[in-house]
1. If you average 1/r across every pair of different Cα atoms in the range A:23-84 and take the reciprocal, what Kirkwood value do you get, in Å?
2. Using the structure shown, list the pairs from A:Lys92/A:Lys477; A:Lys209/B:Lys26; A:Lys477/B:Lys31; A:Lys92/A:Lys487 with a Cα-Cα distance above 24 Å, or answer none.
3. With every protein chain kept in the model, how would you rank A:Tyr197, A:Tyr86 by accessible area, 1.4 Å probe, largest at the top?
4. With the Cα gyration tensor of the range A:74-147 in hand, convert its eigenvalues to equivalent ellipsoid semi-axes via √(5λ) and list them largest first in whole Å.
5. How many partner chain Cβ atoms sit within 10 Å of a residue's Cβ in peptide A:303-312, on average, as a whole number?
6. Report the calculated FRET efficiency for A:Ala221 and A:Met506 (r = Cβ-Cβ distance, R0 = 51 Å), to the nearest 0.05.
7. Leaving out ligands and nucleic acids, and using a 1.4 Å probe, what accessible area per residue does chain A come to in Å²?
8. So, in nm, how far is label B:Lys31 from label A:Asp515 when the simple model puts each one 7 Å beyond its Cα toward the Cβ?
Amino acid sequence: MSRKSNGTRENWGSQLGVILAVSGSAVGLGNFLRFPGQVANNGGGAFMIPYVVSLLIVAIPMATAEWALGRFGGRCGFHSPVGIYYSAGGRKALWGALGALTTVAPFIIGMYYVFIEAWCLIYALQYLGGVLAPLGLRFSLFQGVDAGLFFEDAAGYENFFGATVGIAKDGALFTQAASTTLLATLACVWINFRLTYRGVSRGIEWFCKMASPLILVCAIAVIIRVITLDNPSGIPGRSFLDGLGFMWNPSRNVLNESGEVVDRINVWTTLCDPGVWLAATSQIFFSISICLGAVCTYASYIQPRGDVALSSLASTATNELCEVAFGGLMSIPAAIMFLGPVAAGGFASSFALGFVVLPNVFGLMPLGQFWGFLFFFLLFLAAITSSISMLQPMVALFQETLSLTRERSALLSSGLNMLGTGVVCWFTFNLGALDVFDFWVANFLPLVAAILQTILICFVWGSTSLRSELALGARIKPPYFVVNILKFVSFPYMLLVVLFWGWRNMGSRVQEVVDSRVAQASLAFIGLSLVLTLALAIVLSKRRQKTPDENNETASPEP
Amino acid sequence: MTIGGWISMTTSLAIVIGLFGWCMYKLVTTKDANAEEEPADTPKE
């Protein structure tokens, strides 16, 4: 059993702490940048119908089941997904191997997430330099760029982003004597290391209890600012309501580059497009971080008789609040108001929206440096709360398989994580490595893991076990209906989504791997990481672990 | 913004804000059985 270095079992300090930690894990760049882009590009308001359906039949049942699975594993003495799946799968090595998938996926995502985190930090500090200028504390992180972020035209913002991430060629960030981006990345690695090093309660929970309310406050402040901007340019069609309409209207006109109407898309056309359903399901799936290891690892640190029924619902609700209410009202309406529907295009890419379009908007907005700082500080906090959750499954796995203390596990995990981050920072030409990691690890692996995890929960661990686990310590009427929804609705629906997703995406991606050496090297790195994690899973499966009954902690729901 | 836009936006917001509000209400008004029985970080060995 993983323990604190002083020999006590690690637990969350409070139920609020675990809810904030899991919400913090789920709330990230996807909520504020990816979601609005997906809505705007997939039919606006009509997109919300498949989105809400996916929330009800995929997100809530799967998140609830994953919380229950995690606490069950915790009561068996496991905190890593490998151990949790191994114990729920009747101590068969096969299910431990599934846990290896969901341990390695967040770990690799963390490698490039730290890099993106560094961009948010750089943008926030650059804006802060402008905010502090009137106080005589003007500073800039880049030579030749004044404090704050003001450029004459959109190309200036694009060039700044390109230079920050080294998009021109591989190794661009390593050619400077002291690359600001590399230093910021190292700072982010250090922050993540320190928080996991301090442990679940004193590190992760402590930080999330401060950061999550701060994220909410910053988001509300930015939204109030956007709402109170009344058509700043004075050009017809660029009011706040026009911005909202661009995002939420279920039927809309399609404009060409000159702004002329060339087509009209209505609700039924949108709803009959399977691609829109796929986009909605993918968005909610990745947003809630299902099957990425973090949820079940965090749930394993809940007290043996702690609630999972209400906690899982509360963390899902917090994530949805940030995504729909905050993400939906913030970025795109502001971009439309200042840049118009044509110039503000490029919503398909979260990076373009977040790091090119929005800085352009802040450049035109009154007190834009302050709001820019607040927005990127909000993104930075959201990114940190997510990235620490990506390290924790691997930290727990090292503790359980190599019998390391938490501190040494955190050190080893962070060291390996930094190695992967170095690979991402080197292959920056068109963000090659980041893109390959993102597709195969953040998109492909979790979908495969979702199918396997549903099989484990519904058909191996069993409905009875899930019901018992949901009932234990429940603060609301246990949502038993999720068991049948998982079996008869979510599972076939997910299967359809995965097959359709693969049919649409895999061909071009496989071709890319054949053609690109960076893609091949990145995939080799992913494969090596997976093999090493599988080896650890085998080590763990060799060790017989006690059931909750044998641990004598509480009544066992073991099948 | 069209009427359809208002309907889709207010319905979506009502669902997520309602769900969040209900969860917060339940968190405040129900008791955590575990918190009364066992304090955090209780040594097990």
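1. On the way: mean 1/r = 0.0721 Å⁻¹.
The answer is 13.9 Å.
2. Numbers: A:Lys92/A:Lys477 32 Å; A:Lys209/B:Lys26 19 Å; A:Lys477/B:Lys31 13 Å; A:Lys92/A:Lys487 22 Å.
Flagged as over cut-off: A:Lys92/A:Lys477.
3. Working: A:Tyr197 75, A:Tyr86 10 Å².
Highest to lowest solvent-accessible surface, that is A:Tyr197, A:Tyr86.
4. Working: eigenvalues 466, 31, 5 Å².
Sorted largest first and rounded, they come to 48, 13, 5 Å.
5. Values: counts 10, 5, 7, 6, 8, 0, 1, 6, 3, 1.
Rounded to a whole number, the mean comes out at 5.
6. Numbers: r = 42 Å, r/R0 = 0.83.
Between A:Ala221 and A:Met506 the formula returns 0.75.
7. On the way: 19600 Å² over 559 residues.
With all protein chains present, chain A gives 35 Å² per residue.
8. Here the answer is 6.5 nm between the modelled labels.
The values are calculated or read from the model by the stated rules, or taken from the named source; none is laboratory data. Just so it is clear, the model here is predicted, and its values are computed rather than measured. Quick reminder, even Gly has a Cβ in these numbers, built from the backbone with ideal geometry, and neighbours come from all protein chains shown. Only protein heavy atoms, including side chains, enter the accessible area calculation; ligands, DNA and RNA are left aside. Shrake-Rupley method; radii C 1.70, N 1.55, O 1.52, S 1.80 Å.
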